[in-house]
Amino acid sequence: MRVLFWFCDRFEYTPALKTIDEAPDAAPGRHERAVVAFIHVEPADLEAGSSAETKLVKNAKWMARKWDVTTVVLHSFTHLGEAKAEPAAARALLDRAQQRLQKAGYAAFQTPWGYFLDLDLAAPGHPLARIFKQLD
């Protein structure tokens, strides 16, 4: 799994292009003062014994604590590597990560699944505002 974490003062999205036919209709969204995780799920992340999901949750919580926020947005972003997990399995992993974050007291959300999104974000120029992690 590869993840590009952003701390955003503002993160907005609007569904622009549907890429998975069975994806439900989606609405625009906006979050303020949030950790946004651009997540590339790889096939190895779905194998038995993989710790990628747990590491995703732990890293998101770490970054949220650094910025003293409780909002985490998970965004499927299959552009950080070559190998891509099957879409339904990747979505299931993100669903589990979202549930784990919510159980830990975070307001966790996902961007609409199966769409390319128009994005508008504001992020501070700070070294902890953008962090890349490869979670093996």
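The values are calculated or read from the model by the stated rules, or taken from the named source; none is laboratory data. Just so you know, these numbers come straight off a predicted model, no measurement behind them. Glycine gets a Cβ as well: all are built from the backbone with ideal geometry, and neighbour counts include every protein chain shown.
The residues in the range 26-46 that are free of Cβ contacts under 8 Å to residues at least 40 places away in the same chain and under 17 Å from Ala92 (Cβ atoms) can be counted, and the count is 1. The single residue among Arg100, Arg91 that is among the basic types (Lys, Arg) and under 11 Å from Ser76 (Cα atoms) turns out to be Arg91. In the range 84-95, of all residues being surrounded by 14 or more Cβ atoms within 10 Å (Cβ to Cβ) and in contact with a helix residue (DSSP H, G or I) (Cβ under 6 Å, 6 or more places away or on another chain), the one that is farthest from Ser50 (Cα to Cα) corresponds to Ala85.
Of the candidates Ala97, Ala88, the single residue that is within 18 Å of Trp6 (Cβ to Cβ) and either at pLDDT 95 or above or of a type outside the set (Phe, Trp, Tyr) (or both) is Ala97.
Among residues of the range 47-65 that are closer than 19 Å to Arg33 by Cβ, none has a beta-carbon under 6 Å from a residue that is assigned to a helix (DSSP H, G or I) at least six positions away or on a different chain. Candidates are the residues of the range 100-133 that are within 14 Å of the chain's Cα centre (by Cα) and among the charged types (D, E, K, R); the one that is surrounded by the fewest Cβ atoms within 10 Å (Cβ to Cβ) is Arg130. Being in a strand (DSSP E or B), surrounded by fewer than 18 Cβ atoms within 10 Å (Cβ to Cβ) and of a type in the set (Asp, Glu), is that true of even one residue in the range 74-83? Scanning the range 74-83, I find no residue that is in a strand (DSSP E or B), surrounded by fewer than 18 Cβ atoms within 10 Å (Cβ to Cβ) and of a type in the set (Asp, Glu), so the answer is no.
Take Ala23 and tell me if it is within 20 Å of Ala92 (Cα to Cα) and modelled with pLDDT of 95 or more. No; evaluated as a whole, the condition is false for this residue.
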